[in-house]
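Enquirer: Have a look at the structure that comes next, please.
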Amino acid sequence: MPLKDLFAVARQKKISLVARIDDFLATEAHNLATGKIQEKDLRIREAEIERQLAEQKLKRWKTRDVDSRKHFLHPSSLMGCARAFCYKFMDAPAKESSYGGIEATGRTMRIFSNGDMYHLRMQALFIRMGIAKLEDVEVEFDRGDEQGTADILVRLDNVRGVVDFKSANEYAFNAVQQSRPDHKHEMQLRVYMEKFGVKFGILLYENKNTQLLKEVVLLRNKMKEDELRQRRDYIRAHIHKRKLADREGKTKTTIPCSRCVYRHLCYDAAEEKKWRDGWSKAKRVLKKEVTLL
């Protein structure tokens, strides 16, 4: 099926990814109920795929240099605050928010864990559906000063694309519209589409309250890719000069600044100057030591 026809049909809700998922699971449930497949066999198959995914993830984390990754541009942070990225790139001291104390920290960890399980469930499901392979799960790219990891590469009607999974609360889920997804999510997906050279991308949202799914299908767009290129150039211009970009939040107590681990520097000129002076001095000492060697 030609690409334009594929998405013309997708817009009519006749061949959407969500419809395929629902159809596959409904058929599986019917086959279980009628005895065409045994629950034991199904659960063993699920567990085997999840085991392979876990082994793949373990291998990836064992070889990943987490410290070096903060000196690269990542799709997930490209549309975030450029000033915060400069702080991170320049190894500024991060200070985790104490808002809510242990209870809030524990809740945050549970939220991340829930998101990880959503990714695992969907990745295993796509493999079972036959629209993705194990080697297409969490595929990485590393080009120049950019690194990133896409959730999964798929083939729909023999057309290659990338899917990014997002779990959302009730409010965020209802705010997603087919024509206007979250801007950061859209641009993150567009980076993957460009880097992997695929023809389409899908943002697949799951409502954490109800497990309802919502999809946003994107095609390649030159204007959007030019916007991404300008954003990269803007950030690069600052980090190469070791210069802080302008603050992109409005106040210290509103999002994103209220959750930023660098706000103790960003909103305190004296504290920031103290850090910059110490940072510059350390760089001069290091440069002198390297020269002597």
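Each value in this text was obtained by applying a stated rule to the coordinates, not by laboratory testing. Treat the numbers as computed from the prediction; the structure is a model and nothing was measured. Don't worry about glycine lacking a Cβ; one is built from the backbone with ideal geometry, like all the others, and counts go over all protein chains shown.
Enquirer: When the dipole is taken about the Cα centre of the chain, and only Lys, Arg (+1) and Asp, Glu (-1) are charged at their Cβ, what size is it in debye, to the nearest 20?
Expert: Working: 59 positive and 43 negative charges, 232 e Å.
Using Cβ point charges on Lys, Arg, Asp and Glu, the chain gives about 1120 debye.
Enquirer: According to the square roots a ≥ b ≥ c of the eigenvalues of the Cα gyration tensor, what is the shape class of the chain, taking rounded for a/c under 1.5, prolate for a/b larger than b/c otherwise, and oblate for the remainder? Display every interim value, and only then the final one.
Expert: Numbers: a/c = 1.97, a/b = 1.84, b/c = 1.07.
Prolate, since a/c reaches 1.5 and a/b exceeds b/c.
Enquirer: Here is a further query. Looking at the chain only, what percent of DSSP beta bridges run antiparallel? Nearest 5 please. Numbers along the way, then the final one.
Expert: On the way: 18 of 27 bridges.
Counting DSSP beta bridges with both partners in the chain, the antiparallel share is about 65 percent.
Enquirer: Among the helices of the chain (complete DSSP H runs), which have Cα atoms covering no less than 15 Å along the helix axis and a Kyte-Doolittle mean of at least 0.0? Please list the in-between numbers first.
Expert: On the way: long enough: 17-34 (26 Å, 0.39); 39-63 (36 Å, -1.57); 101-129 (42 Å, -0.07); 183-196 (20 Å, -1.14); 222-240 (26 Å, -1.82); 269-292 (34 Å, -1.20).
Once both thresholds are applied, what remains is 17-34.
Enquirer: With each run of n ≥ 4 DSSP H residues scored as -39500 (n - 2.57), what mean residue ellipticity at 222 nm is computed for the chain after dividing by its residue count and rounding to the nearest 500 deg cm²/dmol? Don't skip to the end; give the middle numbers.
Expert: Details: 12 runs with 164 residues, N = 293.
Roughly -18000 deg cm²/dmol at 222 nm, from the helical runs in the chain.
Enquirer: Which net charge results when you count Lys and Arg as +1 and Asp and Glu as -1 among the other residues whose beta-carbon is under 12 Å from that of Asp136? The partial results should precede the final answer.
Expert: Numbers: positive: Lys133, Arg155, Arg160; negative: Glu135, Glu138, Glu140, Asp151.
Local net charge: -1.
Enquirer: Toward the positive end of the charge dipole of the chain, about the Cα centre and with charges on Cβ (Lys, Arg +1; Asp, Glu -1), which of Tyr234, Gly278, Gln123 goes farthest?
Expert: So the residue furthest toward the plus end is Gly278.
Enquirer: Right, next: Compute the signed sum of charges (Lys and Arg +1, Asp and Glu -1) over the other residues within less than 12 Å, Cβ to Cβ, of His264.
Expert: On the way: positive: Lys95, Lys252, Arg263, Lys274; negative: Glu96, Asp268, Glu271, Glu272.
Combined, the nearby Lys, Arg, Asp and Glu give 0.
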